[in-house]
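The values are calculated or read from the model by the stated rules, or taken from the named source; none is laboratory data. Values in this document were obtained by computation on a predicted structure and should not be read as measured data. Positions of Cβ are backbone-derived with ideal geometry, glycine not excepted, and every protein chain shown enters the neighbour counts. Accessible surface is based on the protein model in full, side chains and every heavy atom, while ligands, DNA and RNA are left aside. Shrake-Rupley method; radii C 1.70, N 1.55, O 1.52, S 1.80 Å.
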Amino acid sequence: MVYGSGITAGLMIIAVLVGLFIVAVQYPLLPNIDILTNYQPKIPLRIVSREGILLGEFGEERRSFVKIEDVPVVMKNAILAAEDTRFYEHAGVDYIGVLRSVLANLRGNKQGASTITMQVARNFFLTLEQSYIRKFREILLAKKIEAHLTKDQILELYINQIFLGQRAHGFAAAARIYFDKPLDQITVAEAAMLAGLPKSPSRYNPVVNPERAVLRQKYILGRMHAFHFIDDATYQAALNEKLVLRAHGSQKPRLSQHAEYVAEMARRKIYEVYGAEAYTRGLTVWTTISADYQAAAYQSVRQGVIDYDFRHGYRGPEGFVALPENTSENDLTVADRIFANYPDYENLLPAAVLSADPKEVRVLISNGVITTLSGARLDFARKSLNPKAPDSERIRRGAIIRVSQTKNGWTVAQLPQVEASLVALNPQTGALLALVGGFDFGRNQFNHAIQAMRQPGSSFKPFIYSAALEKGFSPATIVNDGPFFIPAEEAGGVAWEPHNYDEKFDGPMRLRTALARSKNLVMVRVLQSISPQYAQDYITRFGFSASQHPPYLTMALGAGSATPMQMASAYGVFANGGYYITPYFIDLITDAHGEIVQSHSTSMIEESKVLTIDPRNAFVINSMLQSVVTEGTAQRARVLQRSDIAGKTGTTNNFMDAWFCGYNANIVGVVWTGFDQPRSLGKGEGGSTAALPMWIQFMKDAMKETPETPREPPPNVVSVPVDLQTGLRDDGSPNHEWFYYEFQPPTEQELMSPSQMDFFDKIF
């Protein structure tokens, strides 16, 4: 017995010595754990509004870093119950758990014994190799980590680093991905579901394997109850709670604001500076975008485009698919195949027609709803229900149509082909307030607001009139609205004979009236008088490129090219009293710790602010543009019941492009609409019809809490009585007009002077 005991003791000593030798060999080879003490998680790039509302997120890993003190107790308890109930008691290795695991394995019930600390060691430093050496290194690393970090620090690392499926790293990201809510709002049942993911993110993924996920969740709830983390009532309520998962058609987070075009603009800017690192270092880009303005812009553009599309009728189904004749309507297993090539676009959902006749249409919608459309809900597509309609346009079984949810139920709709954009900025600072680059970013990523160089049409006239004021013209100057013709030999081989939008000639009229009524022939004569070369040089003061506006008389009709963003910043000069301010949309960039990396300071705004036209000029043009609203082509805007708004409609030749550019002292809004491949919008679809309604709807929301801001005339601008018929000074007239002090209108006697007669001949 003594001899046997000695052998046992000797073996134990040898085992201890071997263990110490292995430790002595392996411990120096362990990696430095500075990566843990200076943890820098891969946090995606986030783009937010000026209020901090998420506009976009970019990065391979979905992760939201959360401090341990901000993790809800229910989440901590669920993790401990699932992974390591003795976490706060052991020193990195749970020897009781190891013994229990060994006994279970001997009975054939495979069981692990990794603690949370060991999992942190494995996730940060080791491979998934199954070997005793790797396991031993894992234990040594766990002991080393416990010697340098507190328990809360270790748990914080685990909570933020662990992979949980669906590209989610960390429990805060998983709460967003799976339940579309912040971590501090999850329920006990949801916490248990999330806590079940680390064991096997694929096997227990509630999206991919809901049955297994629920079994794992119930097991964890049972452990939470057994370890007194939850009481009986909470346990029963959690077992009975029906979990609602976020729709996972896309792994992108659901955003409360539609600002995809702005988010993409910001992403490109940040990538230019930081490269691929931009997607991992946790930068947050604080834009100048107002969440309320952005929501208003998105809704106004979307509704405006749909209204335009509705005016031009139904074009027929988007396509056709083969539906098995023997397939039950309630058992359409081919649904995924049906809608594979027909994505949802917000509230315009694809639907497969199951049956159709002139009175009712039964459809399967992409969201799984089966419904019958009848009566007024079919009116839009009535012609396509006619049995005599062409096959390509007829709604029949297998047709793919669009439907939209309205207050009266589902109704036939259509995916528009036309595009539109809206830009809104603060003319005092240049800060971008809202931007919509197209009807739907998911369908067309081309940003029309900053990339679409289109003819501005009549919306360009104010800049030519501004140039004319500097040459001695005034709002009261009389110019003939009569036929204008340049023969072929003078026009480069092709005769040129411009026309007015209304195809009418109204004879001599004041420039104020001509601008209000958008008279092309008056504009051409004014440009001819001041010379296209002078105008081309002058418009560069508004930020336009001279090369995009050749010095020809066609410039008077807006035949050059400009983007909506350029038009917005240019109109800002009239709105702020003569200053060109470079637009900007990134206000602040912060790192993962909230420290400021870069900011757009007040001094930077002031440095970009350049007095580019005479404040008197800006005031007089503003006054003329107000007349466009009160008595001209933009009279629809009077519905806003504000006296401080001004603007100009724009319609190009053959109704290719429609614009409205309008503003007050606090906000400039520009709307454009047209087709990507330029073609006519249709007769009558000019700026006042196709663009102005979107601007009105947006400004109604944007200005609803903003008081009117009347403008005071700058020094040396005078109000002079004039005769509205002749444009001459008439001290007895009750009608007044604004003039530069040195450019007051002539009297009838002064008009007879040679210089005045020469001037008059040029424009009349």
I'd like to check something: does segment 169-178 contain any residue that is open to solvent by less than 10 Å² (accessible area, probe 1.4 Å), within 27 Å of Val93 (Cβ to Cβ) and more than 29 Å from the chain's Cα centre (by Cα)? no
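Take the residues in segment 701-729 that are among the charged types (D, E, K, R) and touching a residue at least 12 places away in the same chain (Cβ under 8 Å), then tell me which one is surrounded by the fewest Cβ atoms within 10 Å (Cβ to Cβ). Walk me through it before giving the result.
Initial filter on segment 701-729 (among the charged types (D, E, K, R)): 701, 704-705, 708, 711-712, 723, 729.
Filter once more, so that each one left must be touching a residue at least 12 places away in the same chain (Cβ under 8 Å): 701, 708, 711, 723, 729.
Values: Asp701: 15, Glu708: 12, Arg711: 16, Asp723: 17, Arg729: 20.
Within segment 701-729, the match that is surrounded by the fewest Cβ atoms within 10 Å (Cβ to Cβ) is Glu708.
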Contacts under 6 angstrom Cβ, first residue in segment 116-144 being within 15 Å of Phe163 (Cβ to Cβ) and of a type in the set (A, V, I, L, M), partner open to solvent by 30 Å² or more (accessible area, probe 1.4 Å) and modelled with pLDDT of 85 or more, 6 or more apart: Ile116/Glu83
Given the conditions (1) under 18 Å from Gly558 (Cβ atoms); (2) touching a helix residue (DSSP H, G or I) at 6+ places or on another chain (Cβ under 6 Å), and given that Gly669 satisfies all but one, which numbered condition is not satisfied? (1)
Output yes when any residue across segment 732-740 is part of a loop (DSSP other than H, G, I, E, B), touching a helix residue (DSSP H, G or I) at 6+ places or on another chain (Cβ under 9 Å), of a type outside the set (Asp, Glu) and open to solvent by 10 Å² or more (accessible area, probe 1.4 Å), and no when none is. no
Looking only at segment 624-669, filter to residues that are crowded, with 18+ Cβ neighbours inside 10 Å and among the hydroxyl-bearing types (Ser, Thr, Tyr); which one of those is farthest from Arg541 (Cα to Cα)? Thr633
Need pairs with beta-carbon distance below 8 Å; first residue within 28 Å of Ala189 (Cβ to Cβ) and within segment 82-97, second of a type in the set (Phe, Trp, Tyr) and in a loop (DSSP other than H, G, I, E, B); sequence gap 6+ or separate chains. Thr85/Phe227
Restricting segment 440-488 to residues that are free of Cβ contacts under 8 Å to residues at least 60 places away in the same chain and not aromatic (Phe, Trp, Tyr), which is most open to solvent (accessible area, probe 1.4 Å)? Pro483
For a quick check of your reading of the model, give me the residue pairs whose first member lies in segment 340-356 and is over 18 Å from Pro416 (Cα atoms), whose second is among the acidic types (Asp, Glu) and open to solvent by 60 Å² or more (accessible area, probe 1.4 Å), with beta-carbon atoms closer than 9 Å and at least 6 apart or on different chains. Leu354/Glu329; Ser355/Glu329
Is it the case that Glu497 is charged (D, E, K, R), more than 22 Å from Asn654 (Cα to Cα), at pLDDT below 95 and open to solvent by 10 Å² or more (accessible area, probe 1.4 Å)? no
Residues located in segment 279-310, provided they are touching an Asp or Glu at 6+ places or on another chain (Cβ under 8 Å) and charged (D, E, K, R): Arg281, Asp292, Arg302
In segment 263-294, which residues are over 24 Å from Arg63 (Cβ atoms) and surrounded by fewer than 19 Cβ atoms within 10 Å (Cβ to Cβ)? Asp292
